[in-house]
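Undergrad: Below is the structure I would like to discuss, written out as structure tokens.
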Amino acid sequence: MTFKRARPVRHEPGDIPRHIAIIMDGNGRWAKKRGLPRTAGHAAGAETFRRIATYCKDIGVEYLTVYAFSTENWKRPADEVNLILDLLDKYLREAIEKMERDDVRLRIFGDTSALSDRMRALIGNTDEISRRTGGMQVNVCVNYGGRAEIMRAAALYAAERAEGGGEELTEERFSGYMFSSGMPDPDLLIRTGGEKRLSNFLLWQAAYSEMYFTDDLWPDFNERALDRAIADYAGRSRRYGGV
Ligand code: IPE
Ligand code: IPE
Ligand code: MG
């Protein structure tokens, strides 16, 4: 499906967050409202993700991190899980074709060992292409959990220490063991769908993110809704514990 590219709104240069993180929630309810199966909501949500990623690139966002499938989402019926993974597979395939043209880097955050060989091969491919491209970085969290990520970081550090390496820990160095190594923390964290919780998303990185909650269900979220979130963010005073 193609969509008409929304004309970017002129935000003040300093108002654009460098890094936006999004909990894309509400696909199931969006479908239910229309008498459709939940899976139709995920298909619509995948389109919204494409639009929003395109728009973020147009307005100069440097990093976009989205929550696509959590470590807890395996609890859902197998049909729904399979459809979500199929949509991701399709997206990765398309993204690989367009990454260089669009100048976008793509990373998957999460435990990929639970994914199919085919998907892991695709992910390897995106990593390879990302090394050559330089534009906006899109991180898609798949089989991702914030606690699992922190535990993984601790294990990586411990393994390095056991081999005689690994310097004395600082918060900055520990960040280097996260999937987001080398990236700035999210400035703005958006959750659609009305819930006001993190649901195990970016527990380490969101320490000082500005939170924005909207009742919009993810498939209804659009460029204008993102503009509103950015305008709200731009009006905040970020003190990081200072005065
Ligand atoms: C978010 O939408 C997508 C995933 C968690 C994969 P939901 O599927 O959670 O939609 P609701 O919250 O049930 O409406
Ligand atoms: C969070 O949404 C996970 C994703 C958006 C991928 P959920 O719908 O799984 O979260 P809960 O169950 O409402 O906390
Ligand atoms: Mg949900």
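The values are calculated or read from the model by the stated rules, or taken from the named source; none is laboratory data. The model shown is predicted, which means the values in this text are computed figures rather than measured ones. Every residue, glycine as well, gets a Cβ built from its backbone with ideal geometry; the counts of neighbours run over all protein chains shown.
Undergrad: Does residue 40 satisfy the criteria of being outside any loop (DSSP other than H, G, I, E, B), within 21 Å of the chain's Cα centre (by Cα) and either of a type in the set (Lys, Arg) or modelled with pLDDT of 95 or more (or both)?
TA: Considered against the rule, which asks whether it is outside any loop (DSSP other than H, G, I, E, B), within 21 Å of the chain's Cα centre (by Cα) and either of a type in the set (Lys, Arg) or modelled with pLDDT of 95 or more (or both), residue 40 comes out as yes.
Undergrad: Given (1) basic (Lys, Arg); (2) over 18 Å from the mean Cα position of the chain (by Cα); (3) under 21 Å from residue 22 (Cα atoms), identify the lone condition not met by residue 118.
TA: Just one mismatch for residue 118, condition (3).
Undergrad: Among the residues of segment 26-34, are any under 20 Å from residue 201 (Cα atoms), under 16 Å from the mean Cα position of the chain (by Cα) and outside any helix (DSSP H, G or I)?
TA: Yes, there is a match, as at least one residue in segment 26-34 is under 20 Å from residue 201 (Cα atoms), under 16 Å from the mean Cα position of the chain (by Cα) and outside any helix (DSSP H, G or I).
Condition check ((1) away from ligand 3 (no atom under 14 Å from the Cβ); (2) polar (S, T, N, Q); (3) under 25 Å from residue 149 (Cα atoms)) across all residues:
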residue: 21; (1), (2), (3): yes, no, yes
residue: 28; (1), (2), (3): no, no, no
residue: 32; (1), (2), (3): no, no, no
residue: 38; (1), (2), (3): no, no, no
residue: 51; (1), (2), (3): yes, no, no
residue: 88; (1), (2), (3): yes, no, yes
residue: 93; (1), (2), (3): yes, no, no
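Undergrad: Now for a separate question. Just to be sure I understand, how many residues within segment 194-205 are touching a strand residue (DSSP E or B) at 6+ places or on another chain (Cβ under 8 Å) and either of a type in the set (A, V, I, L, M, F, W, C) or surrounded by 15 or more Cβ atoms within 10 Å (Cβ to Cβ) (or both)?
TA: 5
Undergrad: Regarding segment 162-174, can at least one residue be identified that is charged (D, E, K, R), within 16 Å of ligand 3 (Cβ to nearest atom) and more than 20 Å from residue 54 (Cβ to Cβ)?
TA: no
Undergrad: Another one. Of all residues in segment 187-243 being polar (S, T, N, Q) and under 18 Å from the mean Cα position of the chain (by Cα), which is farthest from residue 144 (Cα to Cα)?
TA: My answer is 222.
Undergrad: Check whether at least one residue in segment 7-20 is outside any loop (DSSP other than H, G, I, E, B) and buried (at least 16 other Cβ atoms within 10 Å of the Cβ), and report yes or no.
TA: yes
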